[in-house]
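In what follows, a single structure is set out as C-alpha coordinates and then discussed.
The values are calculated or read from the model by the stated rules, or taken from the named source; none is laboratory data. On a predicted model such as this, the values are computed, not experimentally measured, just so you know. Here the Cβ positions follow ideal geometry from the backbone for every residue, glycine too, while neighbour counts run over all protein chains shown.
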Amino acid sequence: MAFREQFAVPIPIHAAIFPAMSGESVTAPGATLSRSEFLRQLEVCTGQPACAAQGQWLVGVVAIQDLPRIRMVFGDGCAEAVVQALARRLKHTATGNTAVARLDDHRFAILREQAGSPEQVQQALQRLLQRLAERTSREDGLDVQPRLRLGATLYPLEQGSPEVLLASASAALEIFEQAVALSVPATRDAVEARTRMERDLRRALHRGEFALYYQPVIDGRHGRVVSAEALIRWHHPLLGVVKPDRFIPLAEEIGLIEPLGRWILESACQTLGAWLREGLGLRMSVNLSVRQFQTEGLVEFIAGLLRQHAIPPGYLEVEITETAMVADGEAATGLLEALRALGVRIAIDDFGTGYSSFSYLRRLQVDRLKIDREFVDRVSVLPQHAAICRSLLTLAREIGLDVTAEGAECPADIRVLSDQGCELFQGFYYSPPLPVEDFQAFLRRPGE
Ligand code: C2E
Ligand code: MG
Ligand code: MG
(Lines give C-alpha, C1' and ligand atoms only; values in the text may rest on other atoms or scores of the structure.)
(Ligands and ions follow the chains in the order given, each with its own letter.)
Protein backbone atom coordinates (compact mmCIF):
# COMPACT_ATOMS: atom_id res chain seq x y z
CA MET A 1 0.00 0.00 0.00
CA ALA A 2 1.34 3.46 -0.86
CA PHE A 3 2.54 5.37 2.14
CA ARG A 4 0.06 8.18 1.63
CA GLU A 5 -2.93 5.90 1.32
CA GLN A 6 -1.85 4.01 4.33
CA PHE A 7 -1.82 7.12 6.45
CA ALA A 8 -4.52 9.05 4.62
CA VAL A 9 -6.83 10.78 7.08
CA PRO A 10 -9.78 12.99 6.27
CA ILE A 11 -8.58 16.29 7.62
CA PRO A 12 -11.04 19.17 7.40
CA ILE A 13 -9.38 21.53 5.03
CA HIS A 14 -11.07 24.63 3.73
CA ALA A 15 -10.22 25.12 0.09
CA ALA A 16 -10.56 28.89 0.28
CA ILE A 17 -7.98 29.10 2.99
CA PHE A 18 -5.98 26.15 1.79
CA PRO A 19 -6.16 26.79 -1.95
CA ALA A 20 -3.05 24.75 -2.56
CA MET A 21 -5.14 21.76 -1.58
CA SER A 22 -7.64 22.21 -4.38
CA GLY A 23 -5.12 21.88 -7.21
CA GLU A 24 -4.79 18.76 -9.31
CA SER A 25 -1.23 18.11 -8.31
CA VAL A 26 -1.99 17.96 -4.66
CA THR A 27 -3.40 15.06 -2.78
CA ALA A 28 -7.08 14.93 -1.95
CA PRO A 29 -8.31 17.01 0.97
CA GLY A 30 -7.97 15.05 4.14
CA ALA A 31 -4.85 13.17 3.21
CA THR A 32 -1.64 13.27 5.13
CA LEU A 33 0.61 15.50 3.10
CA SER A 34 4.18 15.01 2.09
CA ARG A 35 6.76 17.43 3.39
CA SER A 36 6.89 19.45 0.16
CA GLU A 37 3.11 19.65 -0.04
CA PHE A 38 3.06 20.84 3.54
CA LEU A 39 5.60 23.54 2.75
CA ARG A 40 3.53 24.67 -0.24
CA GLN A 41 0.48 24.83 1.95
CA LEU A 42 2.38 26.86 4.50
CA GLU A 43 3.57 29.21 1.80
CA VAL A 44 0.02 29.83 0.69
CA CYS A 45 -1.14 30.56 4.23
CA THR A 46 1.70 32.83 5.21
CA GLY A 47 1.65 34.55 1.82
CA GLN A 48 -1.97 35.58 2.01
CA PRO A 49 -2.61 38.92 3.67
CA ALA A 50 -6.23 37.89 4.21
CA CYS A 51 -5.09 34.82 6.09
CA ALA A 52 -2.60 36.70 8.18
CA ALA A 53 -5.27 39.21 9.08
CA GLN A 54 -7.54 36.42 10.26
CA GLY A 55 -5.20 35.36 12.94
CA GLN A 56 -2.09 33.39 13.47
CA TRP A 57 -0.84 30.09 12.20
CA LEU A 58 0.68 27.40 14.25
CA VAL A 59 3.44 25.35 12.67
CA GLY A 60 4.15 22.34 14.82
CA VAL A 61 6.19 19.17 14.77
CA VAL A 62 4.91 16.22 16.79
CA ALA A 63 7.42 13.48 17.49
CA ILE A 64 7.00 10.02 18.98
CA GLN A 65 10.01 10.25 21.20
CA ASP A 66 10.26 6.61 22.13
CA LEU A 67 9.43 4.99 18.80
CA PRO A 68 12.81 3.19 18.58
CA ARG A 69 12.18 1.70 22.02
CA ILE A 70 8.64 0.63 21.08
CA ARG A 71 9.98 -0.92 17.89
CA MET A 72 12.72 -2.78 19.76
CA VAL A 73 10.47 -4.13 22.49
CA PHE A 74 7.15 -4.69 20.67
CA GLY A 75 8.26 -5.06 17.05
CA ASP A 76 7.71 -3.24 13.77
CA GLY A 77 4.00 -3.98 13.60
CA CYS A 78 3.27 -2.35 16.91
CA ALA A 79 5.48 0.65 16.10
CA GLU A 80 3.62 1.20 12.83
CA ALA A 81 0.28 0.83 14.58
CA VAL A 82 1.32 3.56 17.00
CA VAL A 83 2.31 5.81 14.10
CA GLN A 84 -0.98 5.20 12.31
CA ALA A 85 -2.98 5.74 15.45
CA LEU A 86 -1.22 9.05 15.99
CA ALA A 87 -1.99 10.12 12.42
CA ARG A 88 -5.67 9.41 13.05
CA ARG A 89 -5.63 11.13 16.40
CA LEU A 90 -4.04 14.22 14.92
CA LYS A 91 -7.05 14.47 12.67
CA HIS A 92 -9.64 13.87 15.38
CA THR A 93 -8.09 16.19 17.89
CA ALA A 94 -7.45 18.89 15.36
CA THR A 95 -10.16 21.48 14.98
CA GLY A 96 -10.67 24.05 12.24
CA ASN A 97 -8.32 24.21 9.30
CA THR A 98 -5.55 21.78 9.89
CA ALA A 99 -3.03 20.17 7.59
CA VAL A 100 -0.96 17.20 8.70
CA ALA A 101 2.17 15.87 7.04
CA ARG A 102 4.37 12.96 7.90
CA LEU A 103 7.92 14.28 7.95
CA ASP A 104 9.79 11.06 8.58
CA ASP A 105 9.72 7.85 10.53
CA HIS A 106 8.56 9.33 13.82
CA ARG A 107 7.56 12.95 13.19
CA PHE A 108 4.47 14.71 11.89
CA ALA A 109 4.08 18.35 10.96
CA ILE A 110 0.87 20.22 11.65
CA LEU A 111 -0.38 23.54 10.38
CA ARG A 112 -3.47 25.15 11.78
CA GLU A 113 -5.06 28.40 12.74
CA GLN A 114 -4.38 29.04 16.39
CA ALA A 115 -5.61 32.07 18.27
CA GLY A 116 -4.20 33.29 21.56
CA SER A 117 -1.08 34.65 23.19
CA PRO A 118 2.04 32.45 23.24
CA GLU A 119 1.19 31.51 26.84
CA GLN A 120 -2.35 30.52 25.90
CA VAL A 121 -1.10 28.60 22.88
CA GLN A 122 1.44 26.80 25.03
CA GLN A 123 -1.35 25.69 27.37
CA ALA A 124 -3.61 24.64 24.48
CA LEU A 125 -0.77 22.59 23.00
CA GLN A 126 -0.12 20.95 26.32
CA ARG A 127 -3.75 19.81 26.44
CA LEU A 128 -3.59 18.69 22.81
CA LEU A 129 -0.51 16.59 23.43
CA GLN A 130 -2.01 14.98 26.50
CA ARG A 131 -5.17 14.05 24.59
CA LEU A 132 -3.13 12.72 21.70
CA ALA A 133 -1.00 10.49 23.89
CA GLU A 134 -3.94 9.16 25.91
CA ARG A 135 -6.16 8.39 22.98
CA THR A 136 -3.44 6.95 20.84
CA SER A 137 -3.10 4.16 23.33
CA ARG A 138 -6.56 3.84 24.90
CA GLU A 139 -8.95 4.18 22.00
CA ASP A 140 -6.81 2.30 19.57
CA GLY A 141 -6.52 -0.65 21.86
CA LEU A 142 -2.76 -0.50 22.01
CA ASP A 143 -0.96 -1.56 25.11
CA VAL A 144 1.75 1.02 24.75
CA GLN A 145 1.48 4.70 25.50
CA PRO A 146 3.90 6.57 23.28
CA ARG A 147 5.84 9.51 24.69
CA LEU A 148 4.98 12.46 22.48
CA ARG A 149 6.72 15.79 22.20
CA LEU A 150 5.69 18.87 20.31
CA GLY A 151 7.79 21.75 19.05
CA ALA A 152 5.99 24.69 17.51
CA THR A 153 6.18 28.23 16.32
CA LEU A 154 3.62 30.93 15.54
CA TYR A 155 3.33 32.95 12.35
CA PRO A 156 3.37 35.98 12.01
CA LEU A 157 5.00 36.37 15.43
CA GLU A 158 7.86 34.38 13.98
CA GLN A 159 8.73 35.47 10.45
CA GLY A 160 10.46 33.55 7.71
CA SER A 161 10.03 31.23 4.76
CA PRO A 162 8.02 28.00 5.19
CA GLU A 163 11.31 26.08 5.56
CA VAL A 164 12.47 28.48 8.27
CA LEU A 165 9.18 28.17 10.17
CA LEU A 166 9.25 24.39 10.03
CA ALA A 167 12.92 24.37 11.02
CA SER A 168 12.11 26.65 13.92
CA ALA A 169 9.38 24.27 15.16
CA SER A 170 11.76 21.30 14.83
CA ALA A 171 14.53 23.20 16.59
CA ALA A 172 12.17 23.95 19.50
CA LEU A 173 11.58 20.22 19.76
CA GLU A 174 15.30 19.48 19.81
CA ILE A 175 16.51 22.32 22.01
CA PHE A 176 13.99 22.62 24.79
CA GLU A 177 13.57 19.89 27.31
CA GLN A 178 9.87 20.16 28.04
CA ALA A 179 7.27 18.11 26.18
CA VAL A 180 5.72 21.18 24.57
CA ALA A 181 8.13 23.80 23.35
CA LEU A 182 6.96 26.93 21.62
CA SER A 183 9.58 28.93 19.81
CA VAL A 184 8.69 32.60 19.45
CA PRO A 185 11.22 35.45 19.19
CA ALA A 186 11.23 35.98 22.96
CA THR A 187 12.00 32.33 23.76
CA ARG A 188 14.57 32.22 20.99
CA ASP A 189 16.24 35.32 22.38
CA ALA A 190 16.33 33.67 25.79
CA VAL A 191 17.86 30.52 24.32
CA GLU A 192 20.40 32.57 22.41
CA ALA A 193 21.31 34.56 25.50
CA ARG A 194 21.71 31.37 27.51
CA THR A 195 23.77 29.71 24.82
CA ARG A 196 26.07 32.73 24.63
CA MET A 197 26.30 32.86 28.42
CA GLU A 198 27.16 29.18 28.51
CA ARG A 199 29.88 29.61 25.88
CA ASP A 200 31.30 32.66 27.71
CA LEU A 201 31.18 30.86 31.04
CA ARG A 202 33.16 27.92 29.68
CA ARG A 203 35.87 30.30 28.50
CA ALA A 204 35.86 32.54 31.55
CA LEU A 205 37.97 30.31 33.76
CA HIS A 206 40.84 30.08 31.23
CA ARG A 207 40.56 33.76 30.48
CA GLY A 208 40.92 34.71 34.12
CA GLU A 209 37.61 36.56 34.26
CA PHE A 210 36.61 35.40 37.75
CA ALA A 211 37.59 37.21 40.92
CA LEU A 212 36.83 36.65 44.57
CA TYR A 213 35.48 39.56 46.55
CA TYR A 214 35.61 39.52 50.33
CA GLN A 215 32.92 40.76 52.66
CA PRO A 216 33.96 41.52 56.22
CA VAL A 217 32.15 39.90 59.14
CA ILE A 218 32.15 42.24 62.10
CA ASP A 219 31.95 41.59 65.81
CA GLY A 220 29.29 44.10 66.80
CA ARG A 221 30.66 44.43 70.35
CA HIS A 222 33.85 46.19 69.28
CA GLY A 223 33.35 46.73 65.55
CA ARG A 224 36.39 44.66 64.51
CA VAL A 225 36.61 42.39 61.49
CA VAL A 226 36.77 38.75 62.57
CA SER A 227 36.40 36.96 59.27
CA ALA A 228 35.69 37.31 55.57
CA GLU A 229 33.26 35.59 53.25
CA ALA A 230 34.62 34.92 49.77
CA LEU A 231 32.01 35.80 47.14
CA ILE A 232 32.66 35.19 43.49
CA ARG A 233 32.29 37.80 40.74
CA TRP A 234 32.56 37.33 37.00
CA HIS A 235 34.05 40.24 35.05
CA HIS A 236 32.30 39.61 31.76
CA PRO A 237 33.99 41.43 28.85
CA LEU A 238 30.68 42.90 27.63
CA LEU A 239 28.23 42.64 30.52
CA GLY A 240 30.57 43.96 33.22
CA VAL A 241 30.36 42.47 36.72
CA VAL A 242 28.00 39.48 36.81
CA LYS A 243 26.67 38.35 40.22
CA PRO A 244 26.86 34.67 41.19
CA ASP A 245 23.09 34.17 41.26
CA ARG A 246 23.17 34.59 37.49
CA PHE A 247 25.89 32.07 36.71
CA ILE A 248 26.36 29.58 39.57
CA PRO A 249 23.17 27.66 38.70
CA LEU A 250 24.28 27.56 35.05
CA ALA A 251 27.77 26.45 36.05
CA GLU A 252 26.17 23.66 38.09
CA GLU A 253 23.99 22.62 35.19
CA ILE A 254 26.80 22.41 32.65
CA GLY A 255 29.23 20.67 34.97
CA LEU A 256 31.53 23.66 35.31
CA ILE A 257 31.03 24.00 39.03
CA GLU A 258 33.71 21.40 39.77
CA PRO A 259 36.65 23.23 38.16
CA LEU A 260 35.17 26.58 39.21
CA GLY A 261 34.66 25.35 42.76
CA ARG A 262 38.28 24.19 42.90
CA TRP A 263 39.44 27.58 41.61
CA ILE A 264 37.36 29.32 44.31
CA LEU A 265 38.83 27.16 47.07
CA GLU A 266 42.35 27.62 45.71
CA SER A 267 42.09 31.41 45.48
CA ALA A 268 40.43 31.74 48.88
CA CYS A 269 43.07 29.54 50.54
CA GLN A 270 45.88 31.44 48.84
CA THR A 271 44.52 34.74 50.19
CA LEU A 272 43.86 33.24 53.62
CA GLY A 273 47.40 31.81 53.78
CA ALA A 274 48.84 35.25 52.94
CA TRP A 275 46.67 36.95 55.61
CA LEU A 276 47.73 34.45 58.24
CA ARG A 277 51.40 34.91 57.35
CA GLU A 278 50.88 38.67 57.82
CA GLY A 279 49.47 37.90 61.26
CA LEU A 280 45.94 39.06 60.45
CA GLY A 281 44.33 36.10 62.24
CA LEU A 282 41.09 36.23 60.21
CA ARG A 283 38.86 33.31 59.30
CA MET A 284 37.69 32.72 55.75
CA SER A 285 34.29 31.41 54.71
CA VAL A 286 33.78 29.76 51.33
CA ASN A 287 30.41 28.83 49.85
CA LEU A 288 29.99 25.27 48.62
CA SER A 289 27.23 24.51 46.16
CA VAL A 290 25.25 21.28 46.21
CA ARG A 291 26.88 19.94 43.04
CA GLN A 292 30.31 20.36 44.55
CA PHE A 293 29.44 17.71 47.12
CA GLN A 294 29.75 15.15 44.35
CA THR A 295 33.21 16.34 43.33
CA GLU A 296 35.53 13.38 43.53
CA GLY A 297 38.26 13.86 46.12
CA LEU A 298 37.00 17.21 47.41
CA VAL A 299 38.05 16.56 51.00
CA GLU A 300 41.58 15.52 49.95
CA PHE A 301 41.75 18.58 47.72
CA ILE A 302 40.85 20.86 50.64
CA ALA A 303 43.28 19.04 52.95
CA GLY A 304 46.04 19.58 50.33
CA LEU A 305 45.28 23.31 50.12
CA LEU A 306 45.39 23.69 53.89
CA ARG A 307 48.82 22.01 53.96
CA GLN A 308 50.12 23.93 50.96
CA HIS A 309 49.23 27.32 52.45
CA ALA A 310 49.99 26.37 56.07
CA ILE A 311 46.44 27.11 57.20
CA PRO A 312 45.28 25.70 60.53
CA PRO A 313 42.00 23.97 59.50
CA GLY A 314 39.87 25.94 61.97
CA TYR A 315 40.55 29.11 59.96
CA LEU A 316 38.58 27.77 57.02
CA GLU A 317 34.81 27.60 57.16
CA VAL A 318 32.53 26.18 54.49
CA GLU A 319 29.02 27.56 54.04
CA ILE A 320 26.27 25.41 52.69
CA THR A 321 22.62 26.30 52.38
CA GLU A 322 19.84 24.40 54.09
CA THR A 323 18.34 23.67 50.70
CA ALA A 324 21.57 21.97 49.63
CA MET A 325 21.57 19.92 52.84
CA VAL A 326 18.07 18.71 52.15
CA ALA A 327 18.57 18.22 48.40
CA ASP A 328 21.45 15.85 48.81
CA GLY A 329 21.33 14.84 52.43
CA GLU A 330 23.53 11.77 52.27
CA ALA A 331 26.29 13.21 50.12
CA ALA A 332 26.21 16.37 52.25
CA THR A 333 26.40 14.46 55.52
CA GLY A 334 29.33 12.33 54.38
CA LEU A 335 31.24 15.28 53.03
CA LEU A 336 30.64 17.50 56.02
CA GLU A 337 31.60 14.78 58.46
CA ALA A 338 34.87 14.30 56.60
CA LEU A 339 35.54 18.05 56.55
CA ARG A 340 34.74 18.27 60.20
CA ALA A 341 37.18 15.45 60.92
CA LEU A 342 39.81 17.58 59.18
CA GLY A 343 38.98 20.42 61.55
CA VAL A 344 37.28 22.67 58.97
CA ARG A 345 34.33 24.64 60.33
CA ILE A 346 30.81 24.34 58.99
CA ALA A 347 28.20 27.08 58.64
CA ILE A 348 24.60 26.77 57.52
CA ASP A 349 23.88 29.63 55.14
CA ASP A 350 20.54 31.40 54.64
CA PHE A 351 19.20 29.71 57.74
CA GLY A 352 15.43 29.89 58.04
CA THR A 353 14.66 29.99 54.33
CA GLY A 354 14.93 26.25 53.67
CA TYR A 355 13.22 23.48 55.51
CA SER A 356 14.88 24.40 58.79
CA SER A 357 15.16 20.77 59.71
CA PHE A 358 16.76 20.65 63.11
CA SER A 359 17.74 17.03 62.77
CA TYR A 360 20.92 17.81 60.82
CA LEU A 361 21.93 20.44 63.35
CA ARG A 362 22.01 17.63 65.87
CA ARG A 363 23.47 14.99 63.56
CA LEU A 364 26.22 17.13 62.09
CA GLN A 365 28.33 19.17 64.31
CA VAL A 366 27.58 22.49 62.73
CA ASP A 367 29.54 25.45 64.05
CA ARG A 368 27.52 28.41 62.87
CA LEU A 369 24.12 29.52 61.65
CA LYS A 370 23.80 32.46 59.31
CA ILE A 371 20.39 34.04 59.78
CA ASP A 372 19.08 34.89 56.34
CA ARG A 373 18.81 38.57 55.54
CA GLU A 374 15.08 38.16 54.91
CA PHE A 375 14.59 38.03 58.72
CA VAL A 376 17.30 40.55 59.59
CA ASP A 377 15.67 43.10 57.28
CA ARG A 378 13.47 45.51 59.37
CA VAL A 379 13.79 43.34 62.47
CA SER A 380 13.52 46.54 64.53
CA VAL A 381 10.03 47.28 63.20
CA LEU A 382 8.51 43.91 62.31
CA PRO A 383 7.54 41.89 65.41
CA GLN A 384 7.43 38.68 63.33
CA HIS A 385 11.04 39.09 62.22
CA ALA A 386 12.04 39.93 65.78
CA ALA A 387 10.34 36.76 67.05
CA ILE A 388 12.03 34.57 64.44
CA CYS A 389 15.48 36.03 65.12
CA ARG A 390 14.99 35.75 68.87
CA SER A 391 14.07 32.09 68.65
CA LEU A 392 16.95 31.29 66.27
CA LEU A 393 19.38 33.02 68.61
CA THR A 394 17.99 31.15 71.60
CA LEU A 395 18.23 27.85 69.75
CA ALA A 396 21.81 28.56 68.69
CA ARG A 397 22.82 29.54 72.22
CA GLU A 398 21.25 26.43 73.74
CA ILE A 399 23.01 24.07 71.37
CA GLY A 400 26.26 25.99 71.35
CA LEU A 401 26.37 27.46 67.84
CA ASP A 402 27.77 30.78 66.66
CA VAL A 403 25.39 33.05 64.78
CA THR A 404 26.00 35.64 62.08
CA ALA A 405 23.24 37.99 60.98
CA GLU A 406 23.38 38.43 57.20
CA GLY A 407 22.30 41.54 55.33
CA ALA A 408 22.86 43.96 58.21
CA GLU A 409 21.99 47.28 56.62
CA CYS A 410 20.50 49.45 59.30
CA PRO A 411 21.81 50.43 62.78
CA ALA A 412 18.39 50.03 64.42
CA ASP A 413 18.18 46.41 63.25
CA ILE A 414 21.73 45.74 64.41
CA ARG A 415 20.90 47.17 67.83
CA VAL A 416 17.83 44.95 68.24
CA LEU A 417 19.81 41.84 67.26
CA SER A 418 22.71 42.79 69.55
CA ASP A 419 20.23 43.14 72.42
CA GLN A 420 18.95 39.64 71.59
CA GLY A 421 22.52 38.33 71.92
CA CYS A 422 23.73 38.31 68.30
CA GLU A 423 27.42 39.13 68.12
CA LEU A 424 28.44 38.82 64.48
CA PHE A 425 27.17 40.88 61.57
CA GLN A 426 27.72 40.96 57.86
CA GLY A 427 26.10 43.56 55.67
CA PHE A 428 26.21 46.77 53.70
CA TYR A 429 26.02 48.83 56.90
CA TYR A 430 29.64 47.83 57.50
CA SER A 431 30.81 47.02 54.00
CA PRO A 432 29.78 45.39 50.72
CA PRO A 433 31.94 42.56 49.35
CA LEU A 434 35.26 44.13 48.27
CA PRO A 435 38.12 43.29 45.91
CA VAL A 436 41.06 41.97 47.94
CA GLU A 437 43.02 45.27 47.96
CA ASP A 438 39.97 47.22 49.14
CA PHE A 439 39.29 44.62 51.81
CA GLN A 440 42.83 45.06 53.10
CA ALA A 441 42.36 48.85 53.05
CA PHE A 442 39.13 48.33 55.01
CA LEU A 443 41.11 46.44 57.64
CA ARG A 444 43.43 49.43 57.99
CA ARG A 445 40.63 51.96 58.46
CA PRO A 446 40.82 54.13 61.61
CA GLY A 447 39.72 52.35 64.75
CA GLU A 448 40.53 48.88 63.45
P1 C2E B 1 25.31 34.15 50.33
O2 C2E B 1 26.39 33.16 50.55
O3 C2E B 1 24.17 34.17 51.30
O4 C2E B 1 26.02 35.56 50.29
C5 C2E B 1 25.50 36.74 50.79
C6 C2E B 1 24.94 37.58 49.69
O7 C2E B 1 24.30 38.71 50.25
C8 C2E B 1 26.02 38.13 48.77
O9 C2E B 1 25.46 38.23 47.47
C10 C2E B 1 26.24 39.52 49.33
O11 C2E B 1 26.74 40.45 48.39
C12 C2E B 1 24.85 39.90 49.74
N13 C2E B 1 24.83 40.88 50.81
C14 C2E B 1 25.74 41.06 51.77
N15 C2E B 1 25.37 42.04 52.62
C16 C2E B 1 24.19 42.50 52.16
C17 C2E B 1 23.29 43.53 52.60
O18 C2E B 1 23.51 44.23 53.59
N19 C2E B 1 22.17 43.71 51.89
C20 C2E B 1 21.88 42.97 50.80
N21 C2E B 1 20.75 43.22 50.14
N22 C2E B 1 22.70 42.00 50.34
C23 C2E B 1 23.84 41.76 51.03
P24 C2E B 1 26.23 37.70 46.20
O25 C2E B 1 27.68 37.96 46.33
O26 C2E B 1 25.50 38.22 45.02
O27 C2E B 1 26.05 36.15 46.31
C28 C2E B 1 24.79 35.55 46.21
C29 C2E B 1 24.86 34.09 46.50
O30 C2E B 1 25.63 33.39 45.51
C31 C2E B 1 25.57 33.79 47.80
O32 C2E B 1 24.68 33.97 48.86
C33 C2E B 1 26.00 32.37 47.59
O34 C2E B 1 24.93 31.49 47.86
C35 C2E B 1 26.30 32.33 46.11
N36 C2E B 1 27.75 32.46 45.95
C37 C2E B 1 28.51 33.56 46.00
N38 C2E B 1 29.81 33.26 45.82
C39 C2E B 1 29.87 31.91 45.67
C40 C2E B 1 30.94 30.98 45.48
O41 C2E B 1 32.12 31.33 45.46
N42 C2E B 1 30.60 29.66 45.37
C43 C2E B 1 29.31 29.24 45.43
N44 C2E B 1 29.05 27.94 45.31
N45 C2E B 1 28.29 30.08 45.62
C46 C2E B 1 28.56 31.41 45.75
MG1 MG C 1 27.33 32.47 52.05
MG1 MG D 1 23.45 33.81 52.88
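Structural remarks
- Selection within the stretch 344-386 - hydrophobic (A, V, I, L, M, F, W, C), away from ligand 1 (no atom under 15 Å from the Cβ) and modelled with pLDDT under 95: 358, 361, 364, 366
A quick yes/no check of all residues on (1) over 25 Å from residue 409 (Cα atoms); (2) of a type outside the set (Gly, Ala, Ser); (3) surrounded by 15 or more Cβ atoms within 10 Å (Cβ to Cβ):
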{"site": "225", "(1), (2), (3)": "no, yes, yes"}
{"site": "281", "(1), (2), (3)": "yes, no, no"}
{"site": "316", "(1), (2), (3)": "yes, yes, yes"}
{"site": "319", "(1), (2), (3)": "no, yes, yes"}
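- Condition broken by residue 414, with the remaining ones in (1) closer than 18 Å to residue 217 by Cβ; (2) aliphatic (A, V, I, L, M); (3) within 16 Å of ligand 3 (Cβ to nearest atom) satisfied: (3)
- For the condition within 23 Å of residue 282 (Cα to Cα), in contact with a strand residue (DSSP E or B) (Cβ under 7 Å, 6 or more places away or on another chain) and buried (at least 20 other Cβ atoms within 10 Å of the Cβ), residue 389 does not qualify.
- Restricting the stretch 307-362 to residues that are polar (S, T, N, Q) and within 16 Å of ligand 2 (Cβ to nearest atom), the residue that is farthest from residue 294 (Cα to Cα): 353
- Filtering the stretch 403-422 to residues that are away from ligand 1 (no atom under 16 Å from the Cβ) and outside any helix (DSSP H, G or I) leaves 420, 421.
- Test: residue in the stretch 134-155 that is farther than 25 Å from residue 45 by Cα and aromatic (Phe, Trp, Tyr): no
- Enumeration of residues in the stretch 321-345 that are more than 25 Å from the chain's Cα centre (by Cα) and buried (at least 21 other Cβ atoms within 10 Å of the Cβ): 336, 339, 344, 345
- Search result, residues across the stretch 151-179 that are outside any helix (DSSP H, G or I) and of a type in the set (Gly, Ala, Ser): 151, 152, 160, 161, 179
- The numbered conditions (1) within 21 Å of residue 101 (Cβ to Cβ); (2) outside any strand (DSSP E or B) are all true for residue 182 except (2).
- Condition met for residue 386 (within 16 Å of ligand 3 (Cβ to nearest atom) and assigned by TED's automatic domain parsing to the domain that holds residue 420): no
- Contact annotation: residue pairs with Cβ atoms under 7 Å, 6 or more positions apart or on different chains, pairing a residue in the stretch 401-414 that is more than 19 Å from residue 383 (Cβ to Cβ) with a partner that is near ligand 3 (Cβ under 10 Å from one of its atoms) and part of a loop (DSSP other than H, G, I, E, B), are 406/372.
- Test for residue 94: is it surrounded by fewer than 20 Cβ atoms within 10 Å (Cβ to Cβ), modelled with pLDDT under 90 and farther than 14 Å from residue 45 by Cβ: yes
- Test: residue in the stretch 287-302 that is within 13 Å of ligand 1 (Cβ to nearest atom), over 26 Å from the mean Cα position of the chain (by Cα) and under 25 Å from residue 322 (Cβ atoms): no
- Index of the failed condition, residue 231 passing every other in (1) in contact with a Phe, Trp or Tyr (Cβ under 7 Å, 6 or more places away or on another chain); (2) more than 11 Å from ligand 1 (Cβ to nearest atom): (2)
- Qualifying residue in the stretch 426-445 (condition: in contact with an Asp or Glu (Cβ under 9 Å, 6 or more places away or on another chain), assigned to a helix (DSSP H, G or I), away from ligand 3 (no atom under 14 Å from the Cβ) and among the aromatic types (Phe, Trp, Tyr)): yes
- Within the stretch 62-77, tally of residues that are farther than 22 Å from residue 169 by Cα and surrounded by fewer than 15 Cβ atoms within 10 Å (Cβ to Cβ): 6
- The residue pairs whose first member lies in the stretch 370-382 and is within 14 Å of ligand 2 (Cβ to nearest atom) and outside any loop (DSSP other than H, G, I, E, B), whose second member is among the hydroxyl-bearing types (Ser, Thr, Tyr) and modelled with pLDDT of 95 or more, and whose beta carbons are closer than 7 Å, counting only pairs six or more residues apart or on different chains, are 370/404.
- Counted residues, the stretch 328-339 - those being farther than 13 Å from residue 298 by Cα and in a helix (DSSP H, G or I): 3
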